[in-house]
Each structure stands twice: as structure tokens, then as C-alpha cells.
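Below: the structure, in C-alpha cells.
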Amino acid sequence: MHFGGPFFVIAIVAISCGAWLINNWIRAKHGYSISDDWGRNIGKEMPEAGRKVDLLTNENARLTGMVTRLEERIAVLERIATDPAVRTAQEIEQLRNR
């Protein structure tokens, strides 16, 4: 048998494709998710994926609120740092008198 010809390469490609098809057929027959060309599962999602999405959505909302509050605080600190001292002192006195 001569291994240097193109038929050997074609045979390896054909065997690989056939094995992939048989593998996916067996997986689909038994209820497992099938895989794409790169071995990643497609089709059925993980059962806990919905719960993870909910947790991440809640955490995202919490962090967005925290960032908003921090931006407001930074804006106040920037205003205090850049405003003249006399006006800042007057505003503090006005707040004390309330």
C-alpha cells in the first residue's frame, strides 16, 4: 500500500467525517445534544442556564445602581474640589441652618 498518494488523505477525511456523523447520530438517538464541527454541543441548553441568567441580571442591576450612586458622589466631590472656598462654605452654612 502506497501512503504518499492523495487517496490516503481522502480516505482519512472520509473516515473522520463518517465517524462524526455516526457519533452525532448515536447521541441524537439517545437524547444527548449533538456537536458542531469543533466539538461544541449545540441544541439543548444546560438546565441551570436560566437560573444563572436571573442571578447575573440581578447582580447587573445591583452593580448599575452602585455605579450610579458612586458617579453622583464623585460629581459632588469634583464640584467641592473645583468651586471657590467661599461659595462652598456658604452652601455648608445653608445646609446647617435647615
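Each value in this text was obtained by applying a stated rule to the coordinates, not by laboratory testing. On a predicted model such as this, the values are computed, not experimentally measured, just so you know. FYI the Cβ positions are ideal-geometry reconstructions off the backbone, even for glycines, and counts take in every protein chain you see.
Please give me the summed charge of the neighbours of residue 77: other residues whose Cβ is under 12 Å from its Cβ, Lys and Arg +1, Asp and Glu -1.
Numbers: positive: 73, 79; negative: 71, 72, 78, 83.
For residues surrounding residue 77, the net value is -2.
Just subtract the alpha-carbon distance of residue 48 and residue 69 from 0.36 nm times their residue separation and send over the number in nm, one decimal. List each step's numbers first, then the result.
Numbers: separation 21, 0.36 × 21 = 7.56 nm, distance 3.20 nm.
Full extension from residue 48 to residue 69 adds 4.4 nm.
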